[in-house]
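Please read the structure below before turning to the comments.
The values are calculated or read from the model by the stated rules, or taken from the named source; none is laboratory data. Note that the structure is predicted; figures quoted are calculated from it, not measured. With ideal geometry, Cβ positions are generated from the backbone for all residues, glycine too; neighbour counts draw on all protein chains shown.
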Amino acid sequence: MMQSADLPDTIAVFPLPGALLLPRSRLPLHIFEPRYLQMLNDALKTPQRLIGMVQPNPSPASSDKLHMIGCAGRVTQFSETEDGRYMITLSGVSRFRVKSEIEGFTPYRRCQVCWNGFDRDLGRGEADDRFDRTGFLDLLHRFFSARDLSTDWETLKDADDELLVNSLSMLLDFDPEEKQALLEAPCLATRRETLVTLIEFALRGGDGNEETLQ
């Protein structure tokens, strides 16, 4: 397990809208743009092999603006295709706060970052003592039915609290700002509450159905 002392002050960042990485979770990525191929090659040369996932936060003043909080992942798997693309897996290590962006030097973006305030990310997996799993799975079943989605329900039932909540937070098709809210949740219970709110909102407003969910 990586320690806080191992985390660098500067990391490469990958601003990919809607792509959410959370600590102790895994995110598969398809790397093909030359600048991000260079980013991957450079990351693999470092001891930590870290890449920071961060949501773009465009404003009228700047289309290149980033959200201030992202999550760094360690490259734990990668394979090269015959035409030079890479399929990689990032394993979430810790969230970070962007201090400033470093100009020049590389074709990809790099930031000075701060890891303070995210000590929980480097510890053991979290539990959610107030998690009503039965009610949550019922809500999720209604959401999947409304979206005509399928899943392995037995696997979901057997998953531990953190794996279940974090996997759904990463996989479900929420807007980038909603994904950011899930990322910034201070603990697993808050992330679960945010996830429930987003699912309920989608069920109420996505098709004009004003049904109130319990």
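Checking SER63, SER94 one by one, the residue that is over 18 Å from ASP6 (Cβ atoms) and not β-branched (Val, Ile, Thr) is SER63 and no other. Scanning segment 28-66 for residues that are aliphatic (A, V, I, L, M) and part of a strand (DSSP E or B) turns up LEU29, ILE31, LEU50, ILE51, MET53, VAL54, LEU66. Just one of the listed residues (GLU103, GLU80) is touching a strand residue (DSSP E or B) at 6+ places or on another chain (Cβ under 7 Å), more than 24 Å from ASP160 (Cα to Cα), surrounded by fewer than 20 Cβ atoms within 10 Å (Cβ to Cβ) and modelled with pLDDT under 95, and it is GLU80.
Inspect all residues belonging to segment 136-143 and state whether any of them is of a type outside the set (Val, Ile, Thr), closer than 30 Å to PRO58 by Cβ, part of a helix (DSSP H, G or I) and not assigned by TED's automatic domain parsing to the domain that holds PRO17. Yes, some residue in segment 136-143 is of a type outside the set (Val, Ile, Thr), closer than 30 Å to PRO58 by Cβ, part of a helix (DSSP H, G or I) and not assigned by TED's automatic domain parsing to the domain that holds PRO17. Taking segment 150-214 and the helices (runs of 4 or more DSSP H) fully enclosed by it, the elements with 1 or more residues that are at pLDDT 95 or above, more than 21 Å from ALA127 (Cβ to Cβ) and touching a Ser or Thr at 6+ places or on another chain (Cβ under 6 Å) are at 176-184. Can you report the number of residues in segment 32-48 which are in contact with a Lys or Arg (Cβ under 7 Å, 6 or more places away or on another chain) and crowded, with 20+ Cβ neighbours inside 10 Å? The number of residues fulfilling the criteria is 1.
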